[in-house]
1. Just need a number here: residues in the range 34-45 that are of a type outside the set (Asp, Glu) and surrounded by fewer than 19 Cβ atoms within 10 Å (Cβ to Cβ).
2. Does the range 120-130 contain at least one residue that is under 18 Å from the mean Cα position of the chain (by Cα), within 21 Å of Asn70 (Cβ to Cβ) and touching a residue at least 24 places away in the same chain (Cβ under 8 Å)?
3. Right, Tyr80: more than 10 Å from the chain's Cα centre (by Cα), crowded, with 18+ Cβ neighbours inside 10 Å and within 30 Å of Val22 (Cβ to Cβ) or not?
4. Residues of the range 49-77 being within 16 Å of Leu15 (Cβ to Cβ), buried (at least 19 other Cβ atoms within 10 Å of the Cβ) and not small (Gly, Ala, Ser), which ones?
5. Determine which member of the set Gly109, Gly46 is under 21 Å from Cys157 (Cα atoms) and assigned to a loop (DSSP other than H, G, I, E, B).
6. Go through the range 130-147 and give me each residue that's surrounded by fewer than 20 Cβ atoms within 10 Å (Cβ to Cβ) and more than 21 Å from Gly95 (Cα to Cα).
7. Mind checking whether some residue in the range 3-15 is of a type in the set (Gly, Ala, Ser), modelled with pLDDT under 95 and surrounded by fewer than 17 Cβ atoms within 10 Å (Cβ to Cβ)?
8. Looking at (1) within 21 Å of Ser119 (Cβ to Cβ); (2) buried (at least 20 other Cβ atoms within 10 Å of the Cβ); (3) free of Cβ contacts under 8 Å to residues at least 40 places away in the same chain, which one does Val30 not meet, given that it meets all the others?
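The values are calculated or read from the model by the stated rules, or taken from the named source; none is laboratory data. The structure presented is a predicted model; accordingly, all values stated were derived computationally and were not measured. For neighbour counting, all protein chains shown are included, and Cβ atoms are generated from backbone atoms with ideal geometry for every residue, glycine included.
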Amino acid sequence: MSKKTIKGDVDLSKLYLKQLPVGLLNDVHVGGNFSCDDNKLTSLSGAPKTVSGDFSCFNNNLTSLSGSPNSVGRDFICSYNKLTSLVGVPKTVGGGFYCHNNKLTSLVGAPKTVGGDFSCSGNKLTSLEGAPSSVGGHFWCHNNAVKFTEEQVRAVCKVKGKVYV
């Protein structure tokens with residue numbers, strides 16, 4: 001675990017940030033939620049190392065998730081960006097993983113295990129390569145370049161809930 005801990009939430013949303021504060025959170029564990037939504041971020045460089053709660057970076061200009069925390073205890077929300085890759089996210093996310101409405105063509109780099117829902121709708125997916133092996137909730141993947149079937153999703157991922165295609 002990181003040497004420095006912030007017990008509560010860190011909210012850097014809607015501050016018109018182009019980058020996260022350099023050196024401030026790099027080696028920090030956030031005990032609550034971390035939000036940097038609704039900014040103009042192009043990178044997650046400077047993000048905290050671990051987050052016990054939700055990690056939310058939606059509605060920015062991110063093309064990559066490099067610099068993401070190594071561990072997220074609940075939801076990881078990176079929707080409404082310009083992501084072309086999921087490389088850099090934690091291997092396991094305790095809650096849901098939401099990467100809908102980006103420019104993804106594959107799911108390579110996605111977490112292997114998602115404790116809650118997984119949403120990759122509204123992208124440009126042409127394959128399910130890289131999809132999580134296990135999703136504890138529902139799996140959404142409609143409105144992509146390819147119309148996938150429930151059977152295709154369940155062939156690559158053990159989904160406990162419903163599959164929405």
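1. 4
2. yes
3. Taking the combined requirement at face value, the residue satisfies it.
4. Answer for the range 49-77, where residues must be within 16 Å of Leu15 (Cβ to Cβ), buried (at least 19 other Cβ atoms within 10 Å of the Cβ) and not small (Gly, Ala, Ser): Cys57, Phe58, Asn59, Asn60, Leu62.
5. Gly109 is the lone residue from the list that is under 21 Å from Cys157 (Cα atoms) and assigned to a loop (DSSP other than H, G, I, E, B).
6. Correct list: Asn143, Ala145, Val146, Lys147.
7. There is no residue in the range 3-15 that is of a type in the set (Gly, Ala, Ser), modelled with pLDDT under 95 and surrounded by fewer than 17 Cβ atoms within 10 Å (Cβ to Cβ).
8. Of the numbered conditions (1) within 21 Å of Ser119 (Cβ to Cβ); (2) buried (at least 20 other Cβ atoms within 10 Å of the Cβ); (3) free of Cβ contacts under 8 Å to residues at least 40 places away in the same chain, the odd one out for Val30 is (1).
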